[in-house]
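Read the structure below first, then the notes.
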Amino acid sequence: MKSIEWSKLGFEYIPTACHIEYKNINGKWDRGRLVKDPYISLSIAAECLHYGQAAFEGLKVYRCQDGKVRVFRDIENAKRMISSANYACMTPFTEEMFVDAVNKVVTANIDYLPPYGTGGSLYLRPLIIGSGPKIGIAPSDEYIFLILATPVGPYYKEGLKGVNALIFEDYDRAAPYGAGRYKLAGNYAASLKAAKIAKEKGYPVVLYLDSKEHKYFDEFTSSNFFAVTNTGEYITPESKSILPSITNMSLIDLANHIGIKATRRSIEFNEIDNFSEVGACGTAVVITPINKITREDKSYHFNSEKGPVIQKLYNALVNIQLGRAPDPFGWMRLIE
Ligand SMILES: *Cc1c(COP(=O)(O)O)cnc(C)c1O
């Protein structure tokens, strides 16, 4: 293997020793194998290519302060991926199979796990695809489930960095009874255009309101929305069309644990004047502070980058992930 400069890692795919791959033909999963070749061979008529029968996950493995290797809440990713697979009529795997796959792929790629102190981690990307040939639209008879592992760098090198968010009136992410709460590949293809336009206007992230009325907050393209109110409360939207973020679930528990009231409820856009901090949360960066939200010709500013609540929650979660603080909820699972 080529030596990796840990300090230069970003959030990009780097080929590693191998991935783990399972096949399912007519409803039965095989026992899986580690595969060196980072390519898969698919029929040109594979269901996933034409009709998007695909779902993915994202989770991280850390080298902790005590030198041990731990993964953050992988059982939650297993559950969520099984629910995504079920929604897209894919034959799901079991939680046990997922956890076993995580153990095997991490162990086989242990040389790619960034050392403690670099701020990096080993990012796992589980993927399930309908791989059987289909021309008519129907669930595939064959599936591939794989997990790839790739090292990623610290997102923040010198303190939390805030960004600006844009709300569109003419792009929606997910319908009220649609697929927004599942990590289906197609949701992200459908978000690329709005993200590109926003970037060109100088907004790194897009914030979506509910697509029925544009009255309530939903979430960002690939992270959940939360706000800290002027009274110091953590609030995050209750909605059928947002992805249930494991980071957000964890921040809610942590907030309550450290004495910050945290509530999940529908949040109207016009509550925006009561926010002191706004954050986007997800596995990739934990929390991205939002400095400004722009909707049509109006902008709203927040003290998110230096905000005390975001700082506190960010530090509390990262300290658990790196084994620098006790893990009162049992979120970290040791990989031996
Ligand atoms: C993955 C994802 C998130 C974040 O979920 P985590 O489990 O915290 O990584 C939030 N929103 C969307 C749309 C996502 O795809």
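Throughout, read-outs are computed from the coordinates displayed, never taken from laboratory work. This is a predicted model, so every value here is computed, not measured. Counting neighbours? That spans all protein chains shown, and the Cβs are built from the backbone with ideal geometry, glycine included.
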Residues with amide H under 5 Å of ILE267's amide H, sequence separation 5 or more or different chain, H placed in the peptide plane at 1.01 Å from N; which? PHE217, GLU238
Given LYS199/LYS240; LYS157/LYS312; LYS23/LYS104; LYS8/LYS161; LYS161/LYS240, which pairs have Cα atoms separated by over 23 Å? LYS199/LYS240; LYS161/LYS240
Span from the the range 231-309 Cα centroid across to the the range 1-54 one, whole angstrom: 34
Each residue of the range 232-240 in turn: what ³J(HN,Hα) in whole Hz from Karplus with 6.51, -1.76, 1.60 and θ = phi - 60°, glycine and Pro shown as x? x, 9, 8, 10, 8, x, 9, 7, 6
Those chymotrypsin sites (Phe, Trp or Tyr not before Pro) from the range 37-68 that are DSSP loop and have at most 15 other Cβ neighbours within 10 Å turn out to be TYR39
Work out the FRET efficiency for LEU42 and ASP111 from their Cβ-Cβ distance, taking R0 = 30 Å, and round it to the nearest 0.05. 0.55
When only C-alpha pairs under 8 Å and at least 6 residues apart count, what is the relative contact order of the range 159-321, in percent? 26
First measure r as the distance between the Cβ atoms of SER211 and SER83, then evaluate 1/(1 + (r/R0)^6) with R0 = 25 Å and state the FRET efficiency to the nearest 0.05. 0.75
In whole Hz, with x marking every Gly and Pro, tabulate ³J(HN,Hα) for the range 184-189 from phi via Karplus 6.51 cos²θ - 1.76 cosθ + 1.60, θ = phi - 60°. 8, 3, x, 4, 7, 4
For SER222, residues with placed amide H under 5 Å, excluding near neighbours: none
Per the helix-only model, the chain has a calculated mean residue ellipticity at 222 nm (DSSP H runs of ≥4, -39500 (n - 2.57) each, divided over all residues, rounded to the nearest 500) of -6500 deg cm²/dmol
Two-site label geometry, LYS312 and ALA189: point separation in nm, points 7 Å out along Cα→Cβ: 4.5
